[in-house]
Amino acid sequence: MSSAKTSSSGRVIEREVRRFEAFADSFRNFRAHFDNERIFIEEPSDDSRGAVAGHLADGRYLLHAFKYQFGKKMCERAAFQLLELFGSHLPVRKRDLAHIRMVFSSGRLDAREFVTTVFRNRGDRFLDIVREHGMEEDLATFWGVYLARLFRVRAARHLREDIDFFDWRDWRKGFCPICGHWPAMAHVDPGETSRTLWCLNCGTLWPLQRHQCSCCLNEDRRRLDLLGPVDEPSLRVQVCHDCREYLKEVCSAVHVDKFPFDAYFLGSHSLDLFARGQGFTHESALAVESDNTSSEAHLLTHRMRLPWDH
């Protein structure tokens with residue numbers, strides 16, 4: 001793998017990361033507020049959960065097959081509280097956030113329908129909702145992903161309770177074993193030869209060898225590059241010349257379980273802009289569960305187009 005530099009400033013990125021630390025802390029507190037509450041009205045049966053390890057062994061991500069049902073009141077509470085959180089950290093989007101709030105509070109859009117749409121990766125339906133109600137797509141996507149994450153994190157915890165024996169090194173895939181999304185960032189421990197991938201959508205961590213494209217699994221180092229700021233060698237994007245995808249990665253001695261992924265993901269947006277300026281792409285945080293992959297270029301398409309079981 002060769003290495004290249006960008007003109008981006010590591011100091012600028014670190015400043016942006018610090019700016020987003022407050023949001024990351026607020027979101028962590030938001031999630032903790034619901035930790036002891038029952039947020040699902042229906043969960044998979046014990047018999048269904050017994051098949052979890054089998055799904056992983058077959059290379060199938062877990063939320064593809066297990067049913068979760070959401071309570072209307074819980075979805076409304078979470079939606080409005082997260083809108084308040086966003087409003088306190090994104091004052092420049094106050095008008096757009098107020099419009100989203102109005103859409104829900106007026107009854108024009110059901111919060112449970114919205115949560116279900118994002119949770120189940122109904123990307124086409126999500127875009128229909130956004131356009132029908134005049135929401136700003138970028139903000140609605142950002143807010144929707146974080147809203148659904150409250151529920152996905154709990155589902156991930158629930159599904160993993162009975163599979164402590166499963167060795168996550170056996171997954172060997174670039175997409176998330178829980179929700180099927182591509183990783184948003186990678187964490188590299190200076191003392192390790194592998195790296196840990198992080199899912200923005202459900203917070204799951206899983207290992208993948210360092211010199212491999214997480215999207216197409218290319219292992220040819222001649223077809224992989226590392227691009228990063230001249231003054232900050234710990235921040236990079238790994239780019240693949242086979243599939244033209246990129247993934248941001250950070251090298252840090254902070255243990256992966258304690259690493260502030262949200263702050264670094266949001267604060268390193270200049271790396272996204274640079275990589276895209278070089279002709280590389282990274283899939284949207286949204287996903288589409290459909291064989292129609294040409295309708296929306298910005299939607300992530302799973303490598304396994306299997307129909308939902310619910």
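The values are calculated or read from the model by the stated rules, or taken from the named source; none is laboratory data. Because the structure is a prediction, the values reported are computed rather than measured. Every residue, glycine among them, receives a Cβ derived from its backbone with ideal geometry; neighbour counts consider all protein chains shown.
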Name the single residue, out of those in the range 57-112 being basic (Lys, Arg) and outside any helix (DSSP H, G or I), that is surrounded by the most Cβ atoms within 10 Å (Cβ to Cβ). ARG60
The range 136-168, residues that are at pLDDT 75 or above and over 25 Å from GLN69 (Cβ atoms): GLU136, GLU137, ASP138, LEU139, PHE142
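Condition first: surrounded by 23 or more Cβ atoms within 10 Å (Cβ to Cβ) and among the small types (Gly, Ala, Ser). Can you find one or more residues in the range 160-175 that meet it?
Start the filter on the range 160-175 by keeping residues that are surrounded by 23 or more Cβ atoms within 10 Å (Cβ to Cβ), which leaves 175.
Add one more test, that the residue is among the small types (Gly, Ala, Ser), and what stays is none.
There is no residue in the range 160-175 that is surrounded by 23 or more Cβ atoms within 10 Å (Cβ to Cβ) and among the small types (Gly, Ala, Ser).
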Residue within the range 201-215 that is basic (Lys, Arg) and either modelled with pLDDT under 90 or under 30 Å from ASP96 (Cα atoms) (or both) present: yes
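From ARG125, ARG223, ARG131, ARG149, which residue is charged (D, E, K, R) and not assigned by TED's automatic domain parsing to the domain that holds ASN29? Lay out the reasoning, then the answer.
Details: ARG125 fails: not assigned by TED's automatic domain parsing to the domain that holds ASN29; ARG131 fails: not assigned by TED's automatic domain parsing to the domain that holds ASN29; ARG149 fails: not assigned by TED's automatic domain parsing to the domain that holds ASN29.
That would be ARG223, the only listed residue that is charged (D, E, K, R) and not assigned by TED's automatic domain parsing to the domain that holds ASN29.
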What are the pairs, 6+ residues apart or on separate chains, where a residue within the range 234-253 that is more than 12 Å from HIS187 (Cβ to Cβ) has its Cβ under 7 Å from a residue that is β-branched (Val, Ile, Thr)? ARG244/THR281; GLU245/THR281; TYR246/VAL237; TYR246/VAL239
Consider GLY71 against the criteria (1) modelled with pLDDT of 90 or more; (2) closer than 26 Å to GLY180 by Cα; (3) within 22 Å of the chain's Cα centre (by Cα); (4) not polar (S, T, N, Q): it satisfies all of them except one. Which criterion is unmet? (3)
Anything in the range 206-234 that is in a strand (DSSP E or B) and in contact with a helix residue (DSSP H, G or I) (Cβ under 6 Å, 6 or more places away or on another chain)? List them, or say none. TRP206, PRO207, PRO229
